[in-house]
Structures are given as structure tokens and as C-alpha cells.
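Everything on this sheet refers to the single structure shown next.
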Amino acid sequence: MKSYHDIVGDGGSGILEQVAEHRTRIADGLAEVRHLVAVGSGKGGVGKSTLTLHLAGALRARGLRIAILDADFNGPSQARMAGVQGALFVPGSHKVSLPRTSNGIGVFSMGSVIPESQALEFESAAQGESQTWRATREFALLGEILGSFEWGALDLLMFDLPPGAERTVQYADFLGPCISFLLVTIPSEVARGVVARSVAALSKGPNRILGYVENMSGYYCRDCNAIKPLFMSSETPRLGIPCLGTVPFDPELARFCDGGISFAELGDTPVRRALDDVAQQLLESLI
Amino acid sequence: MKFLCVPCDTPMKLQSVGPPERGSLSIVYSCPECGYEMAMLTNAYETQAVQSLGVRIGPEGGTKTSDASACPFAAMIPGTEDGQAAEATPVRWTAAAEARLANIPEFVRPMARAGIERYARDNGCLEVDEKILDAARDFFGM
């Protein structure tokens, strides 16, 4: 009797072929993108989205062609922070045009199309029970987005990842070895512990880990024009990957994020200089 | 998944896919040698697992059995086909503009359609053609 592998094709359902077509469409869509970088952590609330947007801004200021894909479908924040809430999706001759920030960064974020008062929902034949299928559906959606938007010729496409060490690895598996990772931590042992787990998980695969950024590394007091401690931890993280820099917390930057104000308008502050330094380190790590 | 007609030792071919009924699909396979037919009846979890891959079940152009590629946001967007909130003034689409819209996946199509129609109305147009699409691209700096 024939075995599974003796039979060519699947009798007409074409499911494997369709999955392969999706993969081809994604690869074609990203063919002119030089670098793919995922900004992750594993830990939530460490400033992945903020760093993603403002590192993109710093790199854009250097003349690089940059786009951001907000991969946090369930908690998208890039639309608000980048000022593309309510952006139109306009069909081009083949694909959908990417909404852009005032400084020319292409941004896809679910927050452009789903109001903050609503959650992303999928119809389900399984009457809920989303724990059995939701992650698969979200990755299929990611594939559709990658395959359907005009990414064009880019120097860098940055993925703003959702929290979760296991999710970080799932993105590595989905996007393949061509995507590199930049991890974000804060000066807290709890956060470093979670990031260390992400490093350990990613280290088992072929993806490059470019390094980590320590965010909220003190806070910038504008009155004193000085960086003051924010966390009590003084220990240097031992993550076994390069440190691309530290960025202090700045309430003004938080205000920029809430208001969708671009990096270009951030004054010459220690935070801006720190972001610039990290952007430079990131750039050099990609060469 | 593949099906084998054991007496003939021949791979069976997909014949038809019945529309989803309470989360179940009826997928009929037949043996090209002896004509024996069998139906795979999926449970809701199996249906959803395949739909979650974003694939069509069944031959291209055949029975549409899955809404996996339908817009998951349709119900959230005013003015979309599924949104039940059609705007007051209907906007026509030229064939060329429709063709461009058809180039994009279903999931994003209702959003694109609603947004473009709103843009057209705001600009005093009740017909979306390729000029309007290009103008919208320029307007939004794309």
C-alpha cells in the first residue's frame, strides 16, 4: 500500500501549494528590502515600540529608506505614535500603498484601521476556543500583510514585535533566518530575566541577535539637565550579546509618542543623542 | 492530508466541498479507478485550523467554503459590505479602479474601499476611477 510520501500532490485541496504561494508572495514583496530587523524583548512594557519608531526616525534622518511593520496586532501602538491613525489603504496597480509618516517612514499598524476602543477579532468556526487557532491565524494575517503591501526598495524594515519570549521565536520561525533581532530590556532584574530567556530561545535558531538596548536607563530630568537613576539595579546585564546602547527615560519623549510627534522634532537632548548613538550602532551591526 | 483507496492503492481526488454548516465542512473524495466516494466531515476545530492558515479549501474557482481570507475587520468598519452601515451616498467604481482593488487581498479590501469612497466623497466625486486612486496616493504622501 502506498504511503503518504509515495503520493504526489494532495488530491486537489492544494493547501500546501497555497501555503507555498503565500511564501513566494512574501519573498517577492520583500525582495528589495536590504535588512529585516525585529525589535523584541519577551518582556512587555520595556519600550519596544518607542525604540522602534525613534530608531527608525534616527535612521531616516541619515537618509535611509525605512518602514515599520507593527507586528503587535493585538496591542498596536505604532499608528498613534507615528501619526498614521486613520490612514487610508490605497490600492496601487498591484499592491496596497503603505501609509507614511511626515518624515517618510512607511508604517503598517493595525491601529490605523481598528479604533483603540475595539479589539482585533476573527470569525471562527470553532465558536471561540481561540487558544487552538488564534496564533496560526495571526501569522497568516502577517503573511497577507507582507505579501500585499508595497514595501518597495528599503534599507531597513523594522518589525515591532509583541511581548512574549515564545512569540519572539515564532516570528523568527515565520520570517526565516534573514531577519535579525534587536532586544530591548530595562534595568530591572525581572526584565533582564525575561530577555535572557528570549536570548536563550533565539540562540537555538539561525537568526542573528544584533544586540540589546537598555531602555529607561535612568531618567532625564529637564530641570537639572541630568540623568538620574530610575531603577535601583546597578548590575550590568549579562545577556551574552552586545549592548548597542542605553536610552534614558524622558517624559517628553512619552508625550511625543502619545501625540504622534516625530523624532525630527525632538530637541538636542541626551535622549535624542542616545537614540542617535543606538541607531548608529544598529547600522554598524548590520554591515 | 491525502486519501488512498486501499483496494485500488490509488490516491483519491477531491470532488467537492460542501458549504460550512455549524463549523463543519463536507469534503468529498473519489477514487479515479473504482469511483468509490467518501466524505470527510470536519469538526469545527479542524475547519478552523485550516481556515487559520489563510487558505482556500477546494479547487480554485470552486465552491467557496472558507471565509478565512475575508476581512476580519469588516464588521468594525463603517461603510463596508459586511459593516451594515452603508454611507448615505453610493459611490460607483469604474472597472479599472475595481480591477486595482481586486489586486489586493480580501482582508484589506473593505478597508481600502471604504477609505477611498470617503476620500472621493470628500472631494465631491461619486465615482472612483484610477485618477481618484492616484490622487489619494498623492494626498496621503504614499
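The values are calculated or read from the model by the stated rules, or taken from the named source; none is laboratory data. No experiment lies behind these values; they were computed from the predicted model shown. Cβ coordinates were reconstructed from backbone atoms using ideal geometry, including for glycine residues, and neighbour counts include every protein chain displayed.
Starting from residues that are basic (Lys, Arg) and away from chain B (no Cβ under 12 Å), keep the ones in segment A:48-102 and report whichever is nearest to the chain's Cα centre (by Cα). Only one residue tops the list, namely A:Lys48. In segment A:152-180, which residue that is among the charged types (D, E, K, R) and closer than 15 Å to A:Lys48 by Cβ is surrounded by the most Cβ atoms within 10 Å (Cβ to Cβ)? Residue satisfying both the conditions and the ranking: A:Asp160.
Quick grid of which residues meet (1) at pLDDT below 95; (2) out of contact with any Phe, Trp or Tyr (no Cβ under 9 Å at 6 or more places or on another chain); (3) surrounded by fewer than 24 Cβ atoms within 10 Å (Cβ to Cβ):
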position	(1), (2), (3)
A:Leu53	no, no, no
A:Leu64	no, yes, yes
A:Val90	yes, no, no
A:Gln127	yes, yes, yes
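Assessment of segment A:133-141 against the conditions (more than 10 Å from chain B (Cβ to nearest Cβ), under 18 Å from the mean Cα position of the chain (by Cα) and not in a loop (DSSP other than H, G, I, E, B)) yields no matching residue. Comparison of A:Val194, A:Val247, A:Val190, A:Val184 shows that the only residue that is closer than 30 Å to A:Ala27 by Cα and of a type in the set (A, V, I, L, M, F, W, C) is A:Val184. Considering segment A:107-125, and only residues there that are within 27 Å of B:Pro19 (Cα to Cα) and free of Cβ contacts under 8 Å to residues at least 24 places away in the same chain, the residue that is surrounded by the most Cβ atoms within 10 Å (Cβ to Cβ) turns out to be A:Ala125.
Counting only helices (runs of 4 or more DSSP H) that fall entirely inside segment A:13-98 and contain at least 3 residues that are touching a residue at least 24 places away in the same chain (Cβ under 8 Å) and over 22 Å from A:Gly176 (Cβ atoms), the qualifying elements are A:48-61, A:78-82.
List pairs: first in segment A:248-268 and at positive phi, second in a loop (DSSP other than H, G, I, E, B) and surrounded by 12 or more Cβ atoms within 10 Å (Cβ to Cβ), Cβ under 8 Å, 6+ apart or cross-chain? Qualifying pairs under 8 Å: A:Gly260/A:Gly83; A:Gly260/A:Val84; A:Gly260/A:Gln85.
Here is the figure for segment B:1-41: residues that are under 25 Å from the mean Cα position of the chain (by Cα) and either within 7 Å of another protein chain (Cβ to nearest Cβ) or surrounded by fewer than 19 Cβ atoms within 10 Å (Cβ to Cβ) (or both) total 19.
For A:Gly152, the conditions (1) touching a residue at least 40 places away in the same chain (Cβ under 8 Å); (2) within 8 Å of another protein chain (Cβ to nearest Cβ) all hold with the exception of (2). The strands (runs of 3 or more DSSP E) located wholly in segment B:1-72 that include 2 or more residues which are modelled with pLDDT of 80 or more and among the polar types (S, T, N, Q) occupy B:13-21, B:24-30. Within segment A:113-132, the residues that satisfy the criterion of being more than 8 Å from chain B (Cβ to nearest Cβ) and assigned to a helix (DSSP H, G or I) are A:Ser130, A:Gln131. The number of residues in segment A:238-256 that are part of a loop (DSSP other than H, G, I, E, B), touching a strand residue (DSSP E or B) at 6+ places or on another chain (Cβ under 6 Å) and modelled with pLDDT under 95 comes to 2. Looking across segment B:102-125 at every residue that is within 7 Å of chain A (Cβ to nearest Cβ) and at pLDDT below 80, the one that is surrounded by the fewest Cβ atoms within 10 Å (Cβ to Cβ) is identified as B:Asn103. Residues that are basic (Lys, Arg) and part of a loop (DSSP other than H, G, I, E, B) were ranked within segment A:182-236; the one that is surrounded by the fewest Cβ atoms within 10 Å (Cβ to Cβ) is A:Lys204.
Confirm whether A:Gly260 is surrounded by fewer than 18 Cβ atoms within 10 Å (Cβ to Cβ), at pLDDT 90 or above and not charged (D, E, K, R).
So A:Gly260 fails the test.
For segment B:108-142, filtered to residues that are more than 26 Å from the chain's Cα centre (by Cα), free of Cβ contacts under 8 Å to residues at least 12 places away in the same chain and part of a helix (DSSP H, G or I), the residue that is nearest to A:Asn103 (Cα to Cα) is B:Asp138.
Whether a residue is surrounded by 15 or more Cβ atoms within 10 Å (Cβ to Cβ) and more than 10 Å from every other protein chain (Cβ to nearest Cβ) was assessed, and B:Gly54 does not pass this test.
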